[in-house]
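Each reported figure results from applying straightforward, stated rules to the coordinates on display, with no laboratory input. Remember, it's a predicted structure, so these values are computed and weren't measured experimentally. Neighbour counts are summed over all protein chains in view; Cβ atoms, including those assigned to glycine, are modelled from backbone coordinates with ideal geometry.
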Amino acid sequence: MNSNTTVGSQKQKHLLAMTAKELAKKSIEYRKKILKYIVGANAGHTGGSLSCIDILNVLYNHVLNVNPENFSSPDRDRYIQSKGHTVEALYVVLADKGFFPETDLGTLCKYKSNYIGHPTKKVKGVEQNTGALGHGLPIAVGNAIAAKMDDKKFRVFTLLGDGELPEGSNWEAALTAAHYKLDNLCAILDYNKLQISGTTAEVCNTEPIDAKFESFGWSVKHVDGHDFDALIKTFDALPFAEGKPSFIIAHTVKGKGVSYMENNVKWHHGVPDEQQFTQALHELEEALTAY
Ligand SMILES: Cc1ncc(C[n+]2csc(CCOP(=O)(O)OP(=O)(O)O)c2C)c(N)n1
């Protein structure tokens, strides 16, 4: 990573001009918070939150024209988290952006809390209720069609899990997006190669994903989903082709940042015990010293 890279392009002046190095440090803080609130709730989707947090970091701190002030504006960008189960990643980023006080997250998964284990529109900053897999892309397609019909310039982003990709609704939406030439739409795949009960290849193989989306009429790019420079460059290149929806295959590691969680399906929704939590925080503190 080039630590001198300045992010926050001219056209996105509302975003803080953070360096890639600052984003990397922020992600470590986000990871600590994800674990803290999952431990506090004694529930949560740990591995998949840690795999997508760098993508969310770059989206909310570099890409999206969305913030607490413009959230009710029809011109805001839309982010729809289709892999709703990893809502903990979304919550810590929304709190950091000021959509709600971070202390609210102390109520995560508690009786009567709005901060439940999947996104709901009761929480400020959440665009859509998700959690039943396969809904985010179809909704994003609808939003992108609406933008075209209304001649609006906002863009629509959605984050999919590779384990949710077999849902049939995704493939109808993929066809529709290409048919309507939705170059204002970007789908990002959190390509960590694991899902709830095993590898995506074992449970339901969707390979070759890039060739399939290309054949449906999308423009596809691969990126390392934990490399901030690469993520920034990829998002800055949108749309990848005029008149085509863009698909980003972000290569990630489930459980990224905590050694004993990485690439281990057990941590799909595991909660660390006290000793594991201490070790995880220690590893993340260590990682912080590298900056
Ligand atoms: C329609 C539907 N079927 C099943 C589930 C149960 N479920 C929750 S998470 C998950 C696996 C998702 O895998 P992936 O999208 O790869 O998530 P990640 O590994 O990134 O956490 C499943 C099957 C669900 N939420 N919705």
Looks like segment 147-211, by Cα gyration tensor root eigenvalues a ≥ b ≥ c and the a/c under 1.5 rounded cutoff (else prolate when a/b is bigger than b/c, oblate otherwise), is prolate
Taking Lys and Arg as +1 and Asp and Glu as -1, residues besides Thr199 with C-beta under 12 Å from its C-beta add up to -1
Per the Cα gyration tensor, segment 102-241 corresponds to an equivalent ellipsoid with semi-axes, largest first in Å, of 26, 21, 16
The orientation-averaged projected area of the Cα convex hull of the chain, in nm², is 14.1
Of 229-237, 161-169, 195-203, ordering from highest average Cβ density within 10 Å down gives 161-169, 229-237, 195-203
Relative contact order as a percentage, segment 221-291, C-alpha pairs under 8 Å and 6+ apart, gives 24
Helix 20-41: inclination vs the chain longest Cα principal axis, degrees, rounded to 10, gives 60
For Thr19, the residues 5 or more places away or on another chain with a placed amide H closer than 5 Å to its own amide H are Val7
Normalised Cα Rg of segment 25-85, dividing by 2.2 N^0.38 Å with N its residue count, works out at 1.27
Given Cβ charges of +1 for Lys and Arg and -1 for Asp and Glu, the option among Asn263, Thr176, Leu50 whose Cα lies farthest towards the positive end of the dipole of the chain is Thr176
Percent of all alpha-carbon pairs of segment 128-178 at distances over 14 Å, whole number, is 50
If each K or R counts +1 and each D or E counts -1, the residues other than Leu108 whose Cβ falls under 13 Å of its Cβ total +1
Scoring the chain by relative contact order with C-alpha pairs under 8 Å, at least six apart, yields a percentage of 21
For segment 83-160, the Cα convex hull volume per residue in Å³ comes to 92
